[in-house]
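Trainee: Mind looking over this structure? Questions follow.
The values are calculated or read from the model by the stated rules, or taken from the named source; none is laboratory data. Just so it is clear, the structure is predicted and the values come from calculations on it, not from any experiment. Positions of Cβ are backbone-derived with ideal geometry, glycine not excepted, and every protein chain shown enters the neighbour counts. The accessibility values were calculated without ligands, DNA or RNA, using every heavy atom of the protein model including side chains. Shrake-Rupley method; radii C 1.70, N 1.55, O 1.52, S 1.80 Å.
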Amino acid sequence: MPDASHTAPRQLDVAIVGGGLAGLYAIHRLRGLGLKVRAYEAGSGVGGTWFWNRYPGARCDVESLEYSYSFSNELQQDWKWPERYGTQPEILRYINHVADRFDLRRDVQLNTRIVSAHFDGKANEWTLRTDSGEEIHARYCVMAAGNLSTPRVPDFKGIRNFKGKWYHSGLWPHEGVDFTGRRVGVIGTGSSGVQMIPIIAQQAKHLHVFQRTANFSLPARNGPMEPERERRHKAEYPARRAAAAETPFAIGGYAKPTKKAIEVATEERNKAYEAKWQEGGSISYLYAYTDLLVNKESNDTASEFVRNKIRATVKDPKTAELLAPKDHPIGTKRLCLDTNYYETYNRPNVTLVDVRSDPIAEITETGLRTGKQQYELDALVFATGFDAMTGALREIDVRTSDGAMLRDHWEGGPLTYLGLMVSGFPNMFVVTGPGSPGVKTQMIASIEQHVDWIADALDHLGKHQLDRIEPTPKAEMDWVHHVNAVADSTLYPLANSWYMGANIPGKPRVFMPYVGGFDRYKKRCDEVAARGYEGFTLSRHDVVAA
Ligand code: NAP
């Protein structure tokens, strides 16, 4: 790593933390305003999530024609997605193409982790420090560091003693891993586990899956891109993008539900669920009726339909029952999409271990021990998730000359206004952070919407000879209350999910994403801007400081 402690500090208009989908779009958009920008990326390549998560079977669970940038019609017309859902290598190829096509690389500094960001109120300037000691000065700072970018390996006793190899889904070796002939253990059955388990099972001599909580998963029904579908979609792209922005998930192509599930006769309802099951796709399923995420009785019908599918697929009734989730309503944890997940448990070389009833006691030299049994393993895979939504920002020492520290400000849970800014931390923007609908939507749509809003705000400041923006504490508090009230009107808080910080021991239990829908959120952001940035204080720092 280069020692940059002796080089002169770099002076920017906007420092961007992260070189993933959000950081790259921020470079493009803010450069368009004539601003001097630079993104700092910890990885040795661009791509963020899609750079790091290289585990077998890693694939997006939103269809490729939707999960892509919309800011350039030429780009969306030119790029050819080979399959219905993009694989990790394909999406990474796409991101690299975008970086080259829009000449973004010259403003991305790779292999560079930002360790601190300090705001000097008098100078009205952020100073960022990198892990090699480099100093960067910038008027504005855009945190595009990701929501699921801080991998988490649980604090199991004895992990250092393990003589085999272990891996985390979010830190997968670039050269890949061949599990052929090996005894493998996978811990975790979230989206990552559900995708990798069928593939690892095909290689491993034996695979033990250590499941604490069963998760709902639907068939992805992946396949080659149908040329006619692609042609039609591309012909209507701009209109389709606009229509998607009018939906809660920012994903188009599904008829808006009109009926409540409880109002419909059982036979008709099951027919509708069956059609969605055959079609594939999680949003489609949850969009079958208007009330699946707000009414438990309605949700029970959709949950039971999937439980029955699991029972019909998995031959061993005991295993099937363990795989059938009963502790949370469907959709309140991220609904997984899979290819042959449940079928995999019919293989003779796959064993499901219930670590809810018999928890993991320790990792041993030769494997893993639960309270009751020792499992001999050559390799262990942690599909155990991330310190979601706040992890990346909490790892950076963010503070101001007034003595405010982001870690303290967020001690009881993250506080933001619109998920975009934090009171007391002027000129620092967050992309798809807590309080934003990002993780509950087609992520790239949220990224573009957030970055566009930030760009418009900076443009507005510049045009009015202003140079400081921050939310009022009241606007922040009102937004946090609104985010909670909306969550409480749904079934989401019934699940112990990473949305709640429930996967990290000691993390405050606060529902973090805004689940009021992308459509409502965007409207609110637009209104706030149209009303002169309502809830924000805009000023000129030399006037403030005088
Ligand atoms: P996750 O959803 O947080 O799942 C982590 C899994 O590890 C859970 O099954 C969890 O069990 C288990 N676990 C954690 N600590 C454990 C412990 N101490 N003992 C036993 N089990 C433990 O993480 P993820 O699967 O990486 O997914 C995170 C998010 O990334 C997803 O929700 C999704 O938003 C995104 N993602 C998307 C895709 C896609 O687009 N296809 C793919 C992968 C990830 P509990 O449930 O009991 O905590």
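Trainee: Given the conditions (1) farther than 30 Å from GLN11 by Cβ; (2) buried (at least 17 other Cβ atoms within 10 Å of the Cβ), report the number of the one that GLY158 does not fulfil.
Mentor: Of everything listed in (1) farther than 30 Å from GLN11 by Cβ; (2) buried (at least 17 other Cβ atoms within 10 Å of the Cβ), GLY158 misses just condition (2).
Trainee: Given segment 1-96, what strands (runs of 3 or more DSSP E) lie entirely inside it while holding 3 or more residues that are in contact with a Ser or Thr (Cβ under 9 Å, 6 or more places away or on another chain)?
Mentor: Numbers: elements: 10-17, 37-40, 59-63, 85-87.
Counting at least 3 such residues, we get 59-63.
Trainee: Give VAL430, VAL439, VAL451 a once-over and let me know the one that is out of contact with any Phe, Trp or Tyr (no Cβ under 9 Å at 6 or more places or on another chain), within 23 Å of TYR67 (Cβ to Cβ) and either in contact (Cβ under 8 Å) with a residue 40 or more places away in the chain or surrounded by fewer than 21 Cβ atoms within 10 Å (Cβ to Cβ) (or both).
Mentor: Working: VAL439 fails: out of contact with any Phe, Trp or Tyr (no Cβ under 9 Å at 6 or more places or on another chain); VAL451 fails: out of contact with any Phe, Trp or Tyr (no Cβ under 9 Å at 6 or more places or on another chain).
Every option except VAL430 fails the conditions.
Trainee: I would also like to ask the following. So which residues in segment 364-402 are within 11 Å of the ligand (Cβ to nearest atom) and among the hydrophobic types (A, V, I, L, M, F, W, C)? Spell out how you get there, then give the answer.
Mentor: Filtering segment 364-402 down to residues within 11 Å of the ligand (Cβ to nearest atom) leaves 368, 370, 381-389.
Correct list: LEU368, VAL381, PHE382, ALA383, PHE386, ALA388, MET389.
Trainee: In segment 445-463, is there at least one residue being part of a loop (DSSP other than H, G, I, E, B) and more than 16 Å from the ligand (Cβ to nearest atom)? Please lay out each step first, then the result.
Mentor: Within segment 445-463, the first condition is being part of a loop (DSSP other than H, G, I, E, B), and the residues that meet it are none.
No - not one qualifying residue is present in segment 445-463.
Trainee: Is it the case that some residue within segment 247-260 is closer than 20 Å to LYS522 by Cβ, charged (D, E, K, R) and either open to solvent by less than 30 Å² (accessible area, probe 1.4 Å) or not assigned by TED's automatic domain parsing to the domain that holds SER436 (or both)?
Mentor: Checking segment 247-260: at least one residue is closer than 20 Å to LYS522 by Cβ, charged (D, E, K, R) and either open to solvent by less than 30 Å² (accessible area, probe 1.4 Å) or not assigned by TED's automatic domain parsing to the domain that holds SER436 (or both).
Yes/no per residue for (1) modelled with pLDDT of 95 or more; (2) under 21 Å from VAL431 (Cβ atoms):
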{"position": "LEU491", "(1), (2)": "yes, no"}
{"position": "LEU494", "(1), (2)": "no, no"}
{"position": "ARG509", "(1), (2)": "no, no"}
{"position": "TYR514", "(1), (2)": "yes, yes"}
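Conditions (1) open to solvent by less than 60 Å² (accessible area, probe 1.4 Å); (2) farther than 18 Å from ILE251 by Cα; (3) at pLDDT below 95; (4) of a type in the set (A, V, I, L, M, F, W, C), marked per residue:
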| site | (1), (2), (3), (4) |
| --- | --- |
| PRO56 | yes, yes, no, no |
| TYR67 | yes, no, no, no |
| SER70 | yes, no, no, no |
| TYR85 | yes, no, no, no |
| GLU90 | yes, yes, no, no |
| TYR94 | yes, yes, no, no |
| VAL98 | yes, yes, no, yes |
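Trainee: Still on this structure, please answer the following. Assuming PRO227 fulfils every condition listed in (1) within 12 Å of the ligand (Cβ to nearest atom); (2) out of contact with any Ser or Thr (no Cβ under 6 Å at 6 or more places or on another chain); (3) more than 30 Å from ALA302 (Cβ to Cβ) apart from one, which condition is it?
Mentor: Exception for PRO227: condition (1).
Trainee: Related question: Looking at segment 215-237, is at least one residue without any contact (Cβ under 8 Å) to a residue 24 or more places away in the chain, crowded, with 16+ Cβ neighbours inside 10 Å and in the same structural domain as PHE305 (by TED's automatic domain parsing)?
Mentor: No, segment 215-237 contains no residue that is without any contact (Cβ under 8 Å) to a residue 24 or more places away in the chain, crowded, with 16+ Cβ neighbours inside 10 Å and in the same structural domain as PHE305 (by TED's automatic domain parsing).
Trainee: Can you confirm whether segment 471-481 contains a residue that is among the charged types (D, E, K, R), open to solvent by less than 40 Å² (accessible area, probe 1.4 Å) and touching a Gly at 6+ places or on another chain (Cβ under 6 Å)?
Mentor: no
Trainee: So, in segment 55-109, how many residues would count as being in contact (Cβ under 8 Å) with a residue 60 or more places away in the chain and not aromatic (Phe, Trp, Tyr)? Break it down into steps so the answer makes sense when it comes.
Mentor: Of the residues in segment 55-109, the ones in contact (Cβ under 8 Å) with a residue 60 or more places away in the chain are 55-59, 61-71, 73, 76-77, 80-85, 95, 98-99, 102, 104, 107-109.
Narrowing the set further to residues that are not aromatic (Phe, Trp, Tyr) leaves 56-59, 61-66, 68, 70, 73, 76-77, 80, 82-84, 95, 98-99, 104, 107-109.
Residues that pass the stated criteria total 26.
Trainee: Name the single residue, out of those in segment 175-204 being assigned to a helix (DSSP H, G or I), touching an Asp or Glu at 6+ places or on another chain (Cβ under 9 Å) and within 16 Å of the ligand (Cβ to nearest atom), that is farthest from LYS165 (Cα to Cα). If you could, list the steps in order and put the result at the bottom.
Mentor: To start, the set of residues in segment 175-204 that are assigned to a helix (DSSP H, G or I) comprises 191-203.
Next, from what is left, pick out any that are touching an Asp or Glu at 6+ places or on another chain (Cβ under 9 Å): 191, 194-195, 197-198, 203.
Keeping just the survivors that are within 16 Å of the ligand (Cβ to nearest atom) gives 191, 194-195, 197-198.
On the way: SER191: 22, VAL194: 21, GLN195: 20, ILE197: 17, PRO198: 20 Å.
Once the filter is applied, the top-ranked residue is SER191.
Trainee: State which residue is nearest to the chain's Cα centre (by Cα) when the search covers only segment 135-162 and only residues that are of a type in the set (A, V, I, L, M) and more than 16 Å from the ligand (Cβ to nearest atom). Spell out how you get there, then give the answer.
Mentor: Going through segment 135-162, the residues of a type in the set (A, V, I, L, M) turn out to be 136, 138, 142-145, 148, 153, 159.
Checking which are more than 16 Å from the ligand (Cβ to nearest atom) leaves us with 136, 138, 142-144.
Values: ILE136: 27, ALA138: 27, VAL142: 17, MET143: 14, ALA144: 12 Å.
Among them, the one singled out is ALA144.
Trainee: Among the numbered criteria (1) in contact (Cβ under 8 Å) with a residue 12 or more places away in the chain; (2) assigned to a loop (DSSP other than H, G, I, E, B); (3) in the same structural domain as THR490 (by TED's automatic domain parsing), which one does LEU393 miss?
Mentor: So LEU393 meets the others, but not (2).
Trainee: May I ask you to say which residue of THR366, THR384, THR400 is of a type outside the set (A, V, I, L, M, F, W, C) and open to solvent by 40 Å² or more (accessible area, probe 1.4 Å)?
Mentor: Sole residue among the options that is of a type outside the set (A, V, I, L, M, F, W, C) and open to solvent by 40 Å² or more (accessible area, probe 1.4 Å): THR366.
Trainee: Is there a residue in segment 469-477 that is more than 30 Å from SER191 (Cβ to Cβ), free of Cβ contacts under 8 Å to residues at least 60 places away in the same chain and part of a loop (DSSP other than H, G, I, E, B)?
Mentor: Within segment 469-477 (the criterion being more than 30 Å from SER191 (Cβ to Cβ), free of Cβ contacts under 8 Å to residues at least 60 places away in the same chain and part of a loop (DSSP other than H, G, I, E, B)), the answer is no, since none of the residues qualifies.
Trainee: Out of the residues in segment 351-363 meeting the condition of being over 18 Å from THR319 (Cα atoms) and surrounded by 18 or more Cβ atoms within 10 Å (Cβ to Cβ), tell me which one is farthest from the ligand (Cβ to nearest atom).
Mentor: Step one: of segment 351-363, the residues over 18 Å from THR319 (Cα atoms) are 360-363.
Cutting the leftovers down to surrounded by 18 or more Cβ atoms within 10 Å (Cβ to Cβ) gives us 360, 363.
On the way: ILE360: 5, ILE363: 11 Å.
Within segment 351-363, the match that is farthest from the ligand (Cβ to nearest atom) is ILE363.
Trainee: So which strands (runs of 3 or more DSSP E) are wholly in segment 118-168 and hold at least 2 residues that are outside the structural domain of ALA455 (by TED's automatic domain parsing) and touching a residue at least 12 places away in the same chain (Cβ under 8 Å)? Before the answer, list the steps.
Mentor: Working: elements: 125-130, 135-143, 165-168.
The qualifying strands (runs of 3 or more DSSP E) are 165-168.
Trainee: Sort out which residues of segment 163-174 are in contact with a strand residue (DSSP E or B) (Cβ under 6 Å, 6 or more places away or on another chain) and either within 9 Å of the ligand (Cβ to nearest atom) or closer than 30 Å to GLY331 by Cβ (or both), and write them in order of number.
Mentor: Going through segment 163-174, the residues in contact with a strand residue (DSSP E or B) (Cβ under 6 Å, 6 or more places away or on another chain) turn out to be 164-168, 170-171.
Of everything in segment 163-174, those that are in contact with a strand residue (DSSP E or B) (Cβ under 6 Å, 6 or more places away or on another chain) and either within 9 Å of the ligand (Cβ to nearest atom) or closer than 30 Å to GLY331 by Cβ (or both) turn out to be TYR167, HIS168, GLY170, LEU171.
Trainee: Then there is this: Just to verify a result, which residue in segment 110-154, among those that are closer than 19 Å to VAL451 by Cβ and of a type in the set (S, T, N, Q), is least open to solvent (accessible area, probe 1.4 Å)?
Mentor: ASN147
Trainee: Continuing with the same structure: Whether any residue in segment 237-259 is in contact with a Ser or Thr (Cβ under 8 Å, 6 or more places away or on another chain), assigned to a helix (DSSP H, G or I) and of a type in the set (Lys, Arg) is what I want to check.
Mentor: Yes; the residues of segment 237-259 include at least one that is in contact with a Ser or Thr (Cβ under 8 Å, 6 or more places away or on another chain), assigned to a helix (DSSP H, G or I) and of a type in the set (Lys, Arg).
Trainee: Can you tell me how many residues within segment 493-514 are buried (at least 17 other Cβ atoms within 10 Å of the Cβ) and either in the same structural domain as ALA302 (by TED's automatic domain parsing) or away from the ligand (no atom under 13 Å from the Cβ) (or both)?
Mentor: Total satisfying the criteria: 4.
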